[in-house]
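Data block below; observations after.
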Protein chains: 2
Amino acid sequence: MLSSIVAVGDELVGGFTLDTNSHWLAERLRLLGHPLKRVTAIRDRPAEIVEQVRRELADPELTHIFCCGGLGPTPDDRTFASLAEALGRPLVVWEETRARIERRVKRMHEAGLLDSPELTEGNLRMARIPSEPKQVFKNRRGMAPGVVYEQDGKSIFVLPGVPLELKGVFTEELEPQFLAGGSAATVRELRFMFAVEARFYPLMRELEEKYPDVSVGSYPNFETKELVIRCLGLDSNQVDEAIEMVRRRSGELGMAPQRRS
Amino acid sequence: MLSSIVAVGDELVGGFTLDTNSHWLAERLRLLGHPLKRVTAIRDRPAEIVEQVRRELADPELTHIFCCGGLGPTPDDRTFASLAEALGRPLVVWEETRARIERRVKRMHEAGLLDSPELTEGNLRMARIPSEPKQVFKNRRGMAPGVVYEQDGKSIFVLPGVPLELKGVFTEELEPQFLAGGSAATVRELRFMFAVEARFYPLMRELEEKYPDVSVGSYPNFETKELVIRCLGLDSNQVDEAIEMVRRRSGELGMAPQRRS
């Protein structure tokens, strides 16, 4: 059960926008027991979107693929059309989404925000999605829908790139229906002040041999002068044993971890 | 002249750490005229690092590949060993780096920070790099070096993942020697308050046809209620003409852009 993210947008790859969506999703997916294998940020170019989606589809380790961004009303939003090509499906106007956008446009017209109550081509392209979705989600905060496809034994989730909309669709609709029941990995951390990372090398080698299913990482922060040792694994007993070994052995080496706050 | 980033680290893909390095590099590289094609964040797994580096090497559009992170002293740092495999080169101890690390360890011992002045295996693995680097950079803020390789007509830059070290090596050493002389794309933006993004659709289609070499994007921010229209291209006259067309036509539609601050 591994996931991957394809984050689509010139603004990400151009260094204009920090990709907080992928960071947020990565944490949520870990906590839900669907950890990520990789995150790829790509440009709004159809050929590159198609290539990237095909790479994810061809990866036998992946069960869940998240495509984020590029669903908007303007011509630089190309995710649905490219996804249709990658999945080998025609684009169709999804009537339920079209009707929902129409109602929104009418309300905006009535509120004086739009000159006309008619759907424009810009509105309509948000309702034009690859055919045969497994499910189309509402998006209470915007017009572009969230959509799930099933293909090659994988689920492909398409989410809007606007952070509020992405988080809304994910937590309210996609998570309870598609991501419940996973087992989150157990994470335990110890923090050391002014510790020398290289001194942990022999201990970490030992942990690797003794607990091959626990992933052990060390993360120095040069601004706070803290070193974090992090153990992560599906077997919580093993993770607890591993972190206890770090605590005990570091104490013997004269490096006491900080009390947990 | 396109670049790509491979950001290595379980902490990124696990949602523990926000990948600010790639965002910072993306902006710098755009301003230096070496724009990114994609950014891929992957785990500290040798097979996945090798696969990803080989993907970048096989991409004919790329001239510069940046591998960031995973150069530290602990066993979870696997970038140099994996890169050696991807490049088909043996790992060698780089004497200049080894000697520099040795001097640092001695100084830390003299300052009472280390029990022993001897190099440990943890220290040594930071000096063990794939053979025949084009250049090895000092890293004034840490022990792991920065390194450049040339292979398959591409430059592969290896940078430490600690943000202060990455930025230091990049700006002080790598940028002046390897990235000078590029032509940055021209970027022009207009900001609109309370504008409806979908109304820009026909204008953006027209811009696409009239200025095929200018990339035009629209970016709504639902918190600030601002819409940014951004034009980017190598020909600054065309970018200026395109943004002027946005200004004029949006004015005709009754949507005045904000004054530039």
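The values are calculated or read from the model by the stated rules, or taken from the named source; none is laboratory data. Keep in mind that what you see is a predicted model, and the values were worked out from it rather than measured. Ideal geometry is used to build each Cβ from the backbone, glycine not excepted, and the neighbour counts take in all protein chains shown.
Numerical summary
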quantity: Scope the range A:123-157; condition over 21 Å from B:ALA198 (Cα atoms), in contact with a Lys or Arg (Cβ under 8 Å, 6 or more places away or on another chain) and part of a loop (DSSP other than H, G, I, E, B); matching residues; calculated: A:SER131, A:GLU132
quantity: Helices (runs of 4 or more DSSP H) (entirely within the range A:1-88) containing at least 2 residues that are away from chain B (no Cβ under 13 Å) and buried (at least 24 other Cβ atoms within 10 Å of the Cβ); calculated: A:79-87
quantity: Scope the range B:1-24; condition touching a Phe, Trp or Tyr at 6+ places or on another chain (Cβ under 9 Å) and acidic (Asp, Glu); matching residues; calculated: B:ASP10, B:GLU11
quantity: Among the residues listed as B:THR79, B:THR40, the single one being without any contact (Cβ under 8 Å) to a residue 40 or more places away in the chain and among the hydroxyl-bearing types (Ser, Thr, Tyr); calculated: B:THR40
quantity: Residue that is farthest from A:ASN221 (Cα to Cα), among those in the range B:17-54 that are within 14 Å of the chain's Cα centre (by Cα) and charged (D, E, K, R); calculated: B:LYS37
quantity: Tally, over the range B:231-261, of residues that are exposed (fewer than 15 other Cβ atoms within 10 Å of the Cβ), assigned to a loop (DSSP other than H, G, I, E, B), more than 14 Å from chain A (Cβ to nearest Cβ) and not basic (Lys, Arg); calculated: 4
quantity: Search result, residues across the range B:215-230 that are surrounded by fewer than 16 Cβ atoms within 10 Å (Cβ to Cβ) and facing another protein chain (nearest Cβ under 7 Å); calculated: B:PHE222
quantity: Residue within the range A:179-197 that is of a type in the set (Lys, Arg) and facing chain B (nearest Cβ under 9 Å) present; calculated: no
quantity: Selection from the range A:147-184 of residues that are touching a strand residue (DSSP E or B) at 6+ places or on another chain (Cβ under 8 Å) and on the phi > 0 side of the Ramachandran plot; calculated: A:GLY153
quantity: From B:LEU190, B:LEU164, B:LEU234, residue being assigned by TED's automatic domain parsing to the domain that holds B:ASP44, more than 17 Å from A:ASP77 (Cα to Cα) and within 30 Å of the chain's Cα centre (by Cα); calculated: B:LEU164
quantity: Qualifying residue in the range A:157-164 (condition: closer than 22 Å to A:SER4 by Cβ, of a type in the set (Gly, Ala, Ser) and in contact with a Cys (Cβ under 9 Å, 6 or more places away or on another chain)); calculated: yes
quantity: Any hit, the range B:97-115, residues being within 10 Å of another protein chain (Cβ to nearest Cβ), on the phi < 0 side of the Ramachandran plot and loosely packed, with under 13 Cβ neighbours inside 10 Å; calculated: yes
quantity: Among the residues listed as A:LEU174, A:LEU190, the single one being among the hydrophobic types (A, V, I, L, M, F, W, C), part of a helix (DSSP H, G or I) and modelled with pLDDT of 90 or more; calculated: A:LEU174
quantity: Any hit, the range A:195-214, residues being surrounded by 14 or more Cβ atoms within 10 Å (Cβ to Cβ), outside the structural domain of A:GLY70 (by TED's automatic domain parsing) and within 30 Å of A:CYS67 (Cα to Cα); calculated: yes
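To keep it simple, each residue is scored yes or no on (1) more than 17 Å from the chain's Cα centre (by Cα); (2) modelled with pLDDT of 95 or more.
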position	(1), (2)
A:GLY112	yes, no
A:ASN123	yes, no
A:GLU132	yes, yes
A:VAL136	yes, yes
A:VAL147	no, yes
A:VAL158	no, yes
